[in-house]
Amino acid sequence: MKKLSGGSIWFETPLSVSAFASAAGPKENDGPLSGKFDFAAEEPCIGEDSWEKSESSLITKTFGKAIEKARLAPSEVDFVFAGDLLNQCVGTVFGLRDFKVPFIGVYGACSTMAESLALASVFISSGLGQNAAAITSSHFCSAERQFRMPVNYGGQRTPTSQWTATAAGCAVVSPKAQPPYITGATFGTITDMGVKDSANMGAAMAGAAYETITAHLSAHGTHPRDYDLILTGDLGVVGSGILRDLLHKDGVDISNVHNDCGLLLYDLERQDVHAGGSGAGCSAAVLCADILPKLQCGELHRVLFVATGALMSAMTAQQGESIPGIAHAIEFTSKVTN
């Protein structure tokens, strides 16, 4: 493991994502990735009597399936890095409490999956363990109740708003010689675009994505053409356009290789999600249901996964604060190269 410039790290010995699993709600499984999730709920409650318990159920099912695929008992998981959007990460806490695994709670808003993966990779690369899991979730109804209005209030959504995904993803990082590989990571810096509209998350987070992508490319000596895919999550329509414009001003064109998890999870024309998807579980589920399988089989060869988060709370929004953004990056490959 080698520290590069800024917050970038290069893993001299690549790590493996030894197993991964995903879960989704009914709306998410009705989108373009239908049938790719390990678990798909038939109704949003997932058999529970509260939205928060429903989100915990996503965590329980996703973690359980991931370690089953890895052929690991919970006692063989050295560390779990996990978080969600709820206060004190209660969705994750109650979803993992019965597994009795060493738990490190992480909060990066919608950037949490990349942050968790980066931390898991650092721990395993340093020799502190053999298996570390990264897990992230979100639920549309629990997030709406905390950050906006309960769903039954029937509030009007603006055109720039994004749909919080009912979804979760889990990836197990191990020092094994099998694809997908993790070869590098970049921890981002807090970036404030001055956006105060909590219904325009894409604009708030675009600057952070720009800073992290620029830092990662510079530190690792790479160019957008070196990647099959630069995948952000979740900027949606608005934020993706701003990101491409910011990079274009530097003479960097990612338009041929860029996509966004918030645009991959839903059919924008058919599913009425306005500017796209969001939520910590959005990028986690897209990564684990679609991207990692494609890296595993060699359909994709090199991917830069850049999860973005809006570092706000309901209280700071009510106080008129701007919405700072953060983005963390993970570089994946399908084979080890010198």
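In segment 282-334, of all residues being of a type in the set (A, V, I, L, M, F, W, C) and in contact with a His (Cβ under 7 Å, 6 or more places away or on another chain), the one that is farthest from Ala215 (Cα to Cα) corresponds to Ala307.
Of the residues making up segment 40-66, those that are crowded, with 20+ Cβ neighbours inside 10 Å and outside any helix (DSSP H, G or I) are Ala41, Ile46. Checked against (1) touching a Gly at 6+ places or on another chain (Cβ under 8 Å); (2) surrounded by 22 or more Cβ atoms within 10 Å (Cβ to Cβ), Asp78 passes all but a single condition, namely (2).
Conditions tested, residue by residue: (1) within 30 Å of Lys3 (Cα to Cα); (2) surrounded by 15 or more Cβ atoms within 10 Å (Cβ to Cβ); (3) in contact with a Lys or Arg (Cβ under 8 Å, 6 or more places away or on another chain).
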{"position": "Ile190", "(1), (2), (3)": "yes, no, no"}
{"position": "Leu235", "(1), (2), (3)": "yes, yes, no"}
{"position": "Lys249", "(1), (2), (3)": "yes, no, no"}
{"position": "Cys261", "(1), (2), (3)": "yes, yes, no"}
{"position": "Arg270", "(1), (2), (3)": "no, no, no"}
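On inspection, Thr212 passes the criterion of being buried (at least 17 other Cβ atoms within 10 Å of the Cβ) and either assigned to a loop (DSSP other than H, G, I, E, B) or within 17 Å of the chain's Cα centre (by Cα) (or both). Screening Leu4 on (1) surrounded by 16 or more Cβ atoms within 10 Å (Cβ to Cβ); (2) under 19 Å from the mean Cα position of the chain (by Cα) shows it passes everything except condition (2).
Taking the condition out of contact with any helix residue (DSSP H, G or I) (no Cβ under 6 Å at 6 or more places or on another chain), modelled with pLDDT under 95 and among the aromatic types (Phe, Trp, Tyr), does Phe140 pass? So Phe140 passes the test.
The values are calculated or read from the model by the stated rules, or taken from the named source; none is laboratory data. Since the model is a prediction, treat every value here as computed from it, not as a measurement. Because the Cβ atoms are built from the backbone with ideal geometry, glycine has one as well, and the counts that use them run over all protein chains shown.
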